[in-house]
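Down below is the structure, laid out as structure tokens.
The values are calculated or read from the model by the stated rules, or taken from the named source; none is laboratory data. For clarity, every value in this text was computed on a predicted model and none was experimentally measured. A quick note on method: Cβ atoms are made from the backbone with ideal geometry, for glycine too, and the neighbour counts reach across all protein chains shown.
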Amino acid sequence: MYYNEHMETASRDELERIQLERLQATVRRMYDNVGFYRRRMEEQGVVPEDIKTLSDITKLPFMSKIDLRDNYPFGTFAVQKTEIVRLHASSGTTGKPIVAGYTRHDLEMWSDCVARGLSAVGVTADDIVQVAYGYGLFTGGMGVHYGIERLGATVLPISAGNTKKQIMMMQDLGTTVLACTPSYALVLGEAIRDMGIDPETIKLRVGVFGAEPWTEGIRKEIEALLHIKAYDIYGLTESVGPGVAMECKEACDGLHIWEDCFIPEIVDPDTGEPLPDGQIGELVITTINKEGMPTVRFRTHDLTYIHKEPCVCGRTHRRLHRLMGRTDDMLIIRGVNVFPSQVESAIVGIEGIAPRYLLVVDRVHNLDTLEVQVELLPTLVYDEVRKMEALRAKVQKSIEQVLGLSVSVRLMPPNSIERAEGKSKHIKDNRKLD
Ligand code: DLL
């Protein structure tokens, strides 16, 4: 179902006309109000008047997380502080976080984007949506929250964690939609299974999962555990938060990025050169309907490609392929590029193995080693050492085939790999301790 049919199905010509108008206004606002970006434009010899067509976007300088950090906390805001009505911050693992500021208009735009996404996967005013994304500085909780209210569905703002209570509320209130990270959806699904609850006694029917990379294999696991349809939602603090792009029910293949608000580009991660639709590269996003903290040509570090074909659902906004991982999550092991999602796709679905894993990287005598720890399912009863070794070898072969690299595999006891209420970590790189 469309939330804003006119905009979601606008002709490409109309969309591009809106994009150009909004891009020009955004660049003008950045040039006039954001000192650091004006200097960047001057260094690059570009002025707002140079943006005459959409393809002129490539004349503009990129922005990165480093720029936002260097101008912490408010140096990239494009409006007076009095116009800012909300702040969020991204959880920087190192140094200062990124602070995002929103005007009233920005919050409206954000809610609208989330409402469109929820509507695209069949959420309606009849639904009760349990928001188990974290509330607070993280954009997940509040971002999805206001989209739900905008749509007219009922929101249960339970936030992340307290798994038993989540399940009790789900049962008592008849929650129909769950919104959280895919990792936490797995935790909830496993807990329901381990508590011996029949998922059919729970009314859940739809999941809205994002904030971290996940694979089709994990989607199937979650759908089987919770008896739901699981959909992918994408976003980042620097663009607005969740809801920048979302799958639709009809195709369930690629996430529609709301192009009247965001211009996506795919570039070569090393050179920054634009790549054509269909080719994998780094996603770069320009916000064109944001006042408080616009980001122009922001390097997301997320790897994906743009689908070439129009979607069966009738939406004209292009689709991003399911995000494949981050350039900065890429490990280089003995010269081979390794993404956690590759390991995930290799192990999910192997009988007796839980969808839990950790990549432990070390350097022994100047040689990189990769140990993949995978968890056994609690239901697995193998009393024979021989059978266990055969399973270990099977997992190892599957991973080595996908990676093209020799690895060691360690089978871990059930429930021993750390569970995440929010975003999960799949890498322990001991080389960084050198
Ligand atoms: O994670 C916003 C969000 C909240 C999105 C809830 C979806 C649901 P940040 O904390 O700034 O914002 O992290 C943004 O998370 O650049 C991606 O690397 C990753 N990410 C977000 N959604 C997905 C997804 C939120 N669906 C960073 N698939 C992004 C893969 C995702 N990665």
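Results, tabulated for the structure shown:
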{"item": "Count of residues meeting criterion [surrounded by 13 or more Cβ atoms within 10 Å (Cβ to Cβ) and over 18 Å from Asp329 (Cα atoms)] in the stretch 417-434", "result": "3"}
{"item": "Residue count, the stretch 370-419 (criterion: touching a residue at least 60 places away in the same chain (Cβ under 8 Å) and part of a helix (DSSP H, G or I))", "result": "2"}
{"item": "Of all residues making up the stretch 308-338, the number that are among the hydrophobic types (A, V, I, L, M, F, W, C) and more than 16 Å from the ligand (Cβ to nearest atom)", "result": "7"}
{"item": "Test result for Ser398, more than 22 Å from Arg219 (Cα to Cα), among the polar types (S, T, N, Q) and not assigned by TED's automatic domain parsing to the domain that holds Glu221", "result": "no"}
{"item": "Residues of the stretch 131-162 classified as among the hydroxyl-bearing types (Ser, Thr, Tyr), near the ligand (Cβ under 10 Å from one of its atoms) and part of a helix (DSSP H, G or I), total", "result": "1"}
{"item": "Any strands (runs of 3 or more DSSP E) falling wholly within the stretch 217-297 and containing at least 3 residues that are over 19 Å from Gly314 (Cβ atoms) and either in the same structural domain as Arg319 (by TED's automatic domain parsing) or within 13 Å of the ligand (Cβ to nearest atom) (or both)", "result": "229-236, 241-247, 262-267, 281-287"}
{"item": "Every pair of residues 6+ apart whose Cβ atoms lie under 8 Å, when the first sits in the stretch 107-130 and is among the acidic types (Asp, Glu) while the second is in a loop (DSSP other than H, G, I, E, B) and at pLDDT 95 or above", "result": "Asp112/Tyr3; Asp112/Asn4; Asp126/Ala153; Asp126/Thr176; Asp127/Ala153; Asp127/Thr176"}
{"item": "Every residue from the stretch 26-67 that is assigned to a helix (DSSP H, G or I), free of Cβ contacts under 8 Å to residues at least 24 places away in the same chain and farther than 30 Å from Gly95 by Cβ", "result": "Arg28, Glu49, Asp50, Ser55, Asp56, Lys59"}
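This table checks each residue for (1) under 16 Å from the mean Cα position of the chain (by Cα); (2) buried (at least 18 other Cβ atoms within 10 Å of the Cβ).
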| residue | (1), (2) |
| --- | --- |
| Ile257 | yes, yes |
| Cys261 | no, yes |
| Gly272 | no, no |
| Ile288 | no, yes |
